[in-house]
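What follows is a single structure, written as structure tokens, with notes after it.
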Amino acid sequence: MTRVLGIVTAALLAVTAVMALVVSPPDAVQGDAVRLLYVHVPTAWVAMYLSFGVTSLASALWLWPRTRRRSWDLLAGASAEIGVVFIALTLAVGSIWGRATWGVWWTWDARLTTTAVLLVLYLGYLALRRVPADPDTRARRSAIAALLAFVDVPIVHQSVVWWRTLHQQASVLEENRLLHPTIHGSMLWTLLIGLTAFTLLYFWLLVHRFRLARVEDEAEDRRLELALAERRAEADVVPA
Amino acid sequence: MWRDALLVAAKDLRVEARSRVATNQVAPFAALVLVLFAFALDPDRGVLGRAAAGLFWLAVLFSALLAVQRSFALEAHDDARDGLRLSGLDPAGIFLGKAGAVAAQLAVLELLLTGGIAVLYGSDLRGAVILAVTAVAATVGLAAAGTVYGVIAAGLRVRETLLPLLILPVVAPVLLAATKAWDAGLSGASGEGWPWVRLLAVFATVYVGFGVLAFGALLEET
């Protein structure tokens, strides 16, 4: 089942690559730089909404006594890890794209700033998860930290939106429009396929990361270092 | 709950009154930060004056980290944490008390720092009303968020290094909003600052509420 998912993901990613690099036309204004869109938007979607959404939901389910299972905690951790990787990718790709179209690597736009703060918030969350502790303690602590980080995101977003728009308006808003060009035809299709491909990639990674977490958990219980190493090797298949 | 909060806050402040850690270490540290900012930015009154609000709140943020760490270092020895847990006090009260003590110390510190920026950076303290209201809202928010993360990090061996990583991004909106509100107040355009005070109030409410609800669960863990 997971293998099928992996194969479909790989195929869709290949289709995305072909569509993005060959089929879709260069943008009238940005030229070939627009092709970064097909990576940038899907990674942002996976990181911000999917991963951190799943992390928050799983944390809330763990905290709710009736649905408390150790799996929720592991799922939250696995999802946050993938989210951090993807959000770092989003920032990196966005930065390259910004250099190509705006001429700067970084601008203190609301969206960029919120994303950067989000990355640091969840890095902190992962650091907290790595602190050795009894599983229940760690789960409670990280679930609460995850929810705290999650409620902070809208506040950060709101504050940087105001921060930007109360005084300085011109440059950033124009640049922002560049980020959201009206798109047509093959560009739209490429983007949609890219979104699907990256969403599937997320689930594929999540299944593997979650399994790995479960195995780690069991191994911790049994203190079988050998078994741990073996399963890790088994789960660490490099995505195609 | 409120009686418990007062008890805990009074205890923390009494410890401070006798040990003088905040007075003898945190306050000089904050003043030092102000002086170091002047070194970094070249002692040019123009730049320092324009950046005064941001530098002030950055100094408060750093001091808040120390205050939170101190607040939980108090409970680290002689099983004081277990004592607190077994005392039968309402966890929400303990949270409010600890946050209240941190907020009280920060408030005193902010008064000193305000004098600091007036003297060192040449800021005009116009718009005293908005400066004071902003300071109150921001201090409550900082103390509440700091106390929640403080108790999360308290039992850990890596707390000194982990706590800043956890707290600083979370209180980023406080820095943004308080800086803007103070900018408005210091430049005499108080009207522009009030939306920021609202944001600070929202932040403070969210974290005080969260702390009241979650502190019991966080304190229970070993």
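Quick look at the numbers
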item	result
Hits in the stretch A:127-156 - residues which are under 21 Å from A:Gly94 (Cβ atoms) and more than 9 Å from every other protein chain (Cβ to nearest Cβ)	A:Val153, A:Pro154
Spans of helices (runs of 4 or more DSSP H) in the stretch B:1-89 with at least 3 residues at pLDDT below 85 and surrounded by 15 or more Cβ atoms within 10 Å (Cβ to Cβ)	B:45-73, B:80-86
A:Val156 at pLDDT below 85 and within 24 Å of B:Ala181 (Cα to Cα)	yes
Verdict on A:Val54 being among the aliphatic types (A, V, I, L, M), buried (at least 18 other Cβ atoms within 10 Å of the Cβ), touching an Asp or Glu at 6+ places or on another chain (Cβ under 6 Å) and not in a loop (DSSP other than H, G, I, E, B)	no
Candidates B:Val206, B:Val170, filtered to the one that is facing chain A (nearest Cβ under 7 Å), closer than 22 Å to A:Ile155 by Cα, touching a helix residue (DSSP H, G or I) at 6+ places or on another chain (Cβ under 7 Å) and surrounded by fewer than 19 Cβ atoms within 10 Å (Cβ to Cβ)	B:Val206
Cβ-Cβ under 6 Å pairs, at least 6 apart or on other chains, the stretch B:65-80 side of a type outside the set (Asp, Glu), far side surrounded by fewer than 19 Cβ atoms within 10 Å (Cβ to Cβ)	B:Leu65/B:Pro164; B:Arg70/B:Val21; B:Leu74/B:Val15
Filter pass, B:Val15 being closer than 26 Å to B:Ala135 by Cβ and either touching a residue at least 12 places away in the same chain (Cβ under 8 Å) or touching a Pro at 6+ places or on another chain (Cβ under 7 Å) (or both)	yes
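For (1) crowded, with 19+ Cβ neighbours inside 10 Å; (2) in contact with a Leu (Cβ under 8 Å, 6 or more places away or on another chain); (3) not polar (S, T, N, Q), each residue gets a yes or a no:
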| position | (1), (2), (3) |
| --- | --- |
| A:Asp73 | yes, no, yes |
| A:Ile96 | no, yes, yes |
| A:Thr115 | yes, yes, no |
| A:Tyr122 | yes, no, yes |
| A:Pro135 | no, no, yes |
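The values are calculated or read from the model by the stated rules, or taken from the named source; none is laboratory data. Everything numeric here is computed off the predicted structure, so don't read it as measured data. FYI the Cβ positions are ideal-geometry reconstructions off the backbone, even for glycines, and counts take in every protein chain you see.
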